[in-house]
Each structure stands twice: as C-alpha cells, then as structure tokens.
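Read-outs throughout are calculated quantities, based only on the coordinates presented, and are distinct from any laboratory measurement. From a predicted model like this one, the values you see are computed outputs, not experimental measurements. Neighbour counts are summed over all protein chains in view; Cβ atoms, including those assigned to glycine, are modelled from backbone coordinates with ideal geometry.
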C-alpha cells in the first residue's frame, strides 16, 4: 500500500508540475500576445499621429497663407490710399502757395 501511495504521490507531483508548466507555457503565449497587441496599438497611434501632424501642418499653412493674402491686400490698399492722400496734400500745398503768392502781390501793390 505504501508503494501505491508513493506512486500516487509521485504521479500527483508530476501531474501538478505538468499543469504548472502548461500554465507557464500558456502565460508565455498570453504575454507575447499582449506585447504584440501593444506593438500594434503603438504602430496605429504613430500612424494616426503622423496623419494628425500632416493635417495640422496643412491647416496652419492655410491659415498663414490667408493671413499673408490679407496683409498683401492691406498693403495694396494702403499704397492706393497713400497716393490719393498725397494728391490731396499736393493740391492743398498748391492752394496755399497760390494764396501766399496773392498775398505777396497784394502786399507789393499796397506798398507802392
């Protein structure tokens, strides 16, 4: 009987070891599967990040281009306004010069 108990305990221990090894083997596969999933998620995240960066850059470029176009229009409008104002100022200067000339003539004729 003791021999059968000894065999039974040996079989029991070996069976337990076998189950432990099978569990460890399964854990290895599960760990590998998790790591592969993490890798795939990170690859997808990187790909999405690159897309987002490209879209952000395009959006920023469009915004800067709009800003540049607006600045160009404002500069052109300012050039046009400056020319118009210069003409007005020239006309005012001309009118003042004429008035000064008339005053000078009046002064000369009154002195005589």
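Which residue fluctuates most in the GNM of the chain (Cα springs below 10 Å): 95, 44, 71? Highest fluctuation among the options: 95. Against the main long axis of the alpha-carbon atoms of the chain, helix 2-111 sits at an angle near 0°. Start at zero, step by 5 Å, and the Cα-Cα distances of the range 49-112 spread as 4, 14, 9, 10, 7, 8, 7, 6, 7, 5, 5, 4, 4, 3, 2, 2, 1, 1, 0 percent across the bins. Computed over the chain, the range of Cα coordinates on each principal axis works out to 160, 21, 8 Å, biggest value leading.
Rg/Rh for the range 45-85 stands at 1.43; both radii use Cα atoms, and Rh follows the Kirkwood definition. Calculated on C-alpha atoms, the gyration radius of the range 1-46 divided by its Kirkwood radius gives an Rg/Rh of 1.49.
FRET efficiency for the pair residue 13 and residue 37, taken as 1/(1 + (r/R0)^6) with r the Cβ-Cβ distance and R0 = 25 Å, rounds to 0.10.
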